[in-house]
Every structure is written in C-alpha cells, then in structure tokens.
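The values are calculated or read from the model by the stated rules, or taken from the named source; none is laboratory data. Keep in mind the model is a prediction, meaning the values are calculated, not measured. Backbone-built Cβ (ideal geometry, glycine too); neighbour counts: all protein chains shown. Please note that ligands, DNA and RNA were not included when accessible areas were found on the heavy atoms of the full protein model with its side chains. Shrake-Rupley method; radii C 1.70, N 1.55, O 1.52, S 1.80 Å.
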Amino acid sequence: MKTYFITEKLTREAMMTVVDAPDRGRGVVEFARSMGVNILEFFYCMSQFDFIMKVEAPDDETVTAFCMAAERSGNVTCEVTRAFTPDEWEDMTKRLP
C-alpha cells in the first residue's frame with residue numbers, strides 16, 4: 001500500500017453546518033474503506049486547511065477517486081500528497097545517474 005496525506009478545506013456551504021462536521025468525519029472513515037482507502041490518522045487543524053488525513057491506498061487512482069467523491073459532496077476541497085518512506089526515497093535516489 002502507498003501512503004498519502006490528504007488535506008481538506010471546508011467549503012462555505014459546509015461551514016454553514018459545521019456542527020455536523022464530527023458526524024461527517026466519522027462517516028468518511030467507512031466511506032473511504034468502501035473505496036479501498038484506509039484512513040490511518042485523521043486530525044482537525046487550525047491552519048490553511050481544516051482537516052488532514054494520513055491514508056493508505058493501493059494506487060494513485062484509488063486515492064484520487066476517493067478525493068473526487070469527497071469533493072463531490074460539496075463539503076470539502078482536497079489536496080493529495082504522495083508520501084514516501086525513507087527506504088522508498090533511498091531507492092529512488094539510487095536510480096539517479
């Protein structure tokens with residue numbers, strides 16, 4: 001499984017019902033699992049984004065589809081960052097000429 005960090009920002013519409021955010025957050029864990037994404041950690045933030053999740057997924061397409069579905073709800077916008085372990089990073093640097 002590959003590791004990703006997903007940052008999310010609430011939309012204006014979601015802010016109008018922000019008191020429901022904890023329930024939506026609980027629902028997203030099961031929803032992610034149904035799409036093949038395993039949420040390892042989930043945090044509410046005080047930053048330029050409102051949530052951050054550390055997730056595992058089998059491939060880029062799976063995590064992208066999950067984010068597209070989350071955005072389709074109208075409650076959040078997402079950004080995805082692929083994360084590499086130190087060993088994976090070292091393997092990539094060994095490919096350099």
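A few remarks follow.
- The condition of being of a type in the set (A, V, I, L, M, F, W, C) and open to solvent by 70 Å² or more (accessible area, probe 1.4 Å) holds for only one of PHE43, PHE66, that being PHE43.
- Within the range 74-83, the residues that satisfy the criterion of being open to solvent by less than 70 Å² (accessible area, probe 1.4 Å) and either part of a helix (DSSP H, G or I) or more than 10 Å from THR11 (Cα to Cα) (or both) are CYS78, VAL80, ARG82, ALA83.
- Counted residues, the range 1-46 - those being part of a helix (DSSP H, G or I), more than 13 Å from GLU71 (Cβ to Cβ) and β-branched (Val, Ile, Thr): 3
- Near pairs, Cβ below 8 angstrom, 6+ apart or cross-chain, from the range 1-14 (without any contact (Cβ under 8 Å) to a residue 60 or more places away in the chain) to any residue that is surrounded by fewer than 18 Cβ atoms within 10 Å (Cβ to Cβ) and assigned to a strand (DSSP E or B): MET1/ASN38; MET1/GLU56
- Verdict on ASP50 being modelled with pLDDT of 90 or more and out of contact with any Ser or Thr (no Cβ under 9 Å at 6 or more places or on another chain): no
- First in the range 23-47 and over 16 Å from THR62 (Cβ atoms), second anywhere and in a helix (DSSP H, G or I) and open to solvent by less than 80 Å² (accessible area, probe 1.4 Å), Cβ under 9 Å, 6 or more apart: ARG24/ALA14; PHE42/GLY25; PHE42/VAL28; PHE42/VAL29; TYR44/ALA21; TYR44/PRO22; TYR44/GLY25
- Residue check for GLY25: surrounded by 14 or more Cβ atoms within 10 Å (Cβ to Cβ) and at pLDDT below 95: yes
- Residue within the range 53-61 that is open to solvent by 70 Å² or more (accessible area, probe 1.4 Å) and either free of Cβ contacts under 8 Å to residues at least 40 places away in the same chain or not polar (S, T, N, Q) (or both) present: yes
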